[in-house]
1. Extension gain Thr51-Leu66, at 0.36 nm per residue separation less the Cα-Cα distance, in nm?
2. Any idea what angle helix 63-82 forms with the longest principal axis of the chain, computed on alpha-carbon atoms, 0 to 90 degrees, nearest 10?
3. In region 1-52, if the dipole is taken from +1 on Lys/Arg beta carbons and -1 on Asp/Glu beta carbons about the Cα centre, which of Ala2, Gln16, Gln49 is farthest to the positive end?
4. Any chance you could give the angle, 0 to 90 degrees and rounded to 10, that helix 27-54 forms with the longest Cα principal axis of the chain?
5. Using a 10 Å cut-off on Cβ atoms, rank the peptides 25-35, 8-18 from the highest mean neighbour count down.
6. Can you work out the FRET efficiency for the pair Val38 and Lys74, with r the C-beta to C-beta distance and R0 = 41 Å, to the nearest 0.05?
7. What size of dipole, in debye to the nearest 20, comes out for the chain about its Cα centre when the only charges are +1 on Lys and Arg C-beta atoms and -1 on Asp and Glu C-beta atoms?
8. Where does the chain land on Rg/Rh, using Cα atoms and the Kirkwood Rh?
Amino acid sequence: MAEALGNIPEVDKNHQISDWGQRPLTDTQLNYAKMYSVYLAMVHHKLLQLTYMGNPNPAVENVAALAECYLELKQQLVGKTTG
């Protein structure tokens, strides 16, 4: 999910299966744990953006900008069907 939604290059998943009960944790395990929270925050932010895009607040939505987007999409579709 982090790779797909967070635009993160390949996440090294080898540390998922390492022994997290053994102490002290290695530097790579600590870094993985630290980055896991960063990835989680990035995915959460992206999911919030996607939710908002799918359910905008009509009370504050810019209808003129929305109409302009629809016109651009229409022009793109017409261009694809005629081109």
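1. Roughly 3.7 nm would be gained on extension.
2. 80
3. Gln49
4. Rounded to the nearest ten degrees, it is 20.
5. Highest to lowest by the protection proxy: 25-35, 8-18.
6. 0.55
7. 100
8. 1.26
Every number in this text was worked out from the coordinates using simple rules, so none of it is lab data. Because the structure is a prediction, the values reported are computed rather than measured. All Cβ positions, even for glycine, are placed from backbone atoms using ideal geometry, and neighbour counts span all protein chains on display.
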